[in-house]
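Down below is the structure, laid out as structure tokens.
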Amino acid sequence: MQSIDLTGGFPLSDAFARPIRYLRVSVTDKCNLRCVYCMPEGGLPWLRREEILSYEEIARVVEAAASVGVRAIRLTGGEPLLRRNVERLVAMIASLSEIEDIALSTNGLLLDEQIDALASAGLSRVNISLDTLRPQRFESVARRPGLEHVLRSIDAAIARGLHPVKINCVVMRGRNDDEVEDFAQLSRQLPVHVRFIEAMPVVEYAEAQREEFVSADELLDRLRTIGNLQPIDGPVGNGPARYFSFPDAAGTIGVITPLSHDYCDRCNRIRLTADGRLRLCLFGDHHVDLRTLLRAQATREDLAAILRRSMLIKPERHHLRLGEPASRMRALSEIGG
Ligand code: SAM
Ligand code: SF4
């Protein structure tokens, strides 16, 4: 679908002259895992169905964003594949000619069974979260079983050609940091991009984070002892990772460092929450309620104008600090997910 160019020659950029090209869309707040660093064991006070944007409403926001210069979309959550027929949303986004890249962040539990429908609908690529290669440990980190499904999904994504296939691994001292070398080995054997993420202090995890935090510098030093790790240009994507590889490896290793080396100066992203708030950063609670506008029949031009105005409140940088609790939304808007 070709939409009218509303950029007026000036694609979206914020008050600090950072061009905004990337919209992350949370399609649900719900999840089928309870990763220790992300969600309490008992879950969260979930949104009600009517509070969540419909696919049509999400597509209207994406269309408006595309009309002012957004070119890449990531579907995330919660666990996005818990929502029924996500491929329908993928197809709606894929029909917008300006959108060049549609990625999905998933925990991989349901990807294997949905991958054909998603790829046929126009999904470009996937990021799959995986913090351990050991089944019992998976159950203690994710508080639910499922490692074999995740591994099957990684194989399926490679086989389906959803490249680059990225694996996100949150490194925690005493929980899984002894597997960093095994994950590095995976990047030698498989055409995957293993990205180690520094753990962030999401509410309930903040205290543990202070104890368990492993900086990317520390883990890169460790990996250098097992091979000749060289910095390289990373695969396509819109995230903040820095990449490395071993000679003759099939894949690469990336590090995402929201705490130790923040990358706010390169921030090119905004985020739409499942309940229709446009979040501009984790700093403060800067957001704009788009749901009310959508349900008051705002046009694409209205939405595009709001997107432009919202740039004025996108702050310059985040203020995440080791062990200081950040609200869940704030912290998760920071990472490459
Ligand atoms: N459920 C999907 C998944 O797990 O990939 C998508 C949503 S999840 C919130 C997106 C990413 O955020 C995952 O890679 C997850 O590991 C990461 N994440 C969640 N909480 C985090 C934390 N406290 N620190 C660092 N990364 C975190
Ligand atoms: Fe669910 Fe992803 Fe959070 Fe784990 S990181 S609890 S899979 S949303």
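Here are the numbers:
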read-out	value
Extreme residue, positive dipole direction of the chain, given options Ala72, Val255, Gly43 (C-beta unit charges)	Ala72
Neighbourhood net charge (12 Å Cβ-Cβ; Lys/Arg +1, Asp/Glu -1) for Ala64	-2
Percent accessible area from carbon and sulfur atoms, the stretch 22-335, protein chains only, probe 1.4 Å	49 percent
Dipole magnitude (debye, nearest 20) for the chain, charges at Cβ of Lys, Arg, Asp, Glu	580 debye
Separation of alpha-carbon centers, the stretch 100-126 and the stretch 131-186, rounded to whole Å	17 Å
Residues with amide H under 5 Å from that of Leu272, placed H, sequence gap 5 or more	Arg24, Val25, Ser26, Arg279
Cysteines in the chain that, by Cβ-Cβ distance, have no pairing candidate under 4.7 Å	Cys31, Cys169, Cys264, Cys267, Cys281
Solvent-accessible area per residue, Å², over the chain with all protein chains present [probe radius 1.4 Å]	41 Å²
Karplus-derived HN-Hα couplings along the stretch 211-216 (A = 6.51, B = -1.76, C = 1.60, θ = phi - 60°), whole Hz, x at Gly and Pro	7, 9, 4, 10, 6, 4
Relative contact order computed over the chain (Cα-Cα under 8 Å; 6+ residues apart), in percent	20 percent
Between 0 and 90°, nearest 10: helix 111-121 axis offset from the chain longest Cα axis	40 degrees
Test item: Cα-centred dipole of the stretch 180-229, Lys/Arg +1 and Asp/Glu -1 on Cβ, debye	360 debye
Where N is the number of residues in the stretch 22-335, Cα Rg divided by 2.2 N^0.38 Å	0.96
Most positive-pole-ward Cα, Leu219, Val141, Ile128, against dipole of the chain from beta carbon charges	Ile128
Cα long-axis angle, helix 300-310 against the chain (0 to 90 degrees, to the nearest 10)	60 degrees
Estimated vicinal HN-Hα couplings, Hz - the stretch 78-86 in sequence order (Karplus 6.51, -1.76, 1.60; Gly, Pro = x)	x, 9, x, 7, 6, 7, 5, 6, 4
Computed magnitude of the charge dipole of the stretch 53-162 (debye, nearest 20; Cβ of K, R +1, Cβ of D, E -1)	300 debye
Rounded tilt (10° steps) of 55-67 against the dominant C-alpha axis of the chain	80 degrees
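The values are calculated or read from the model by the stated rules, or taken from the named source; none is laboratory data. These numbers were taken from a predicted model, which means no experiment stands behind them. Neighbour counts run over all protein chains shown; Cβ positions are idealised from the backbone, glycine included. The accessibility values were calculated without ligands, DNA or RNA, using every heavy atom of the protein model including side chains. Shrake-Rupley method; radii C 1.70, N 1.55, O 1.52, S 1.80 Å.
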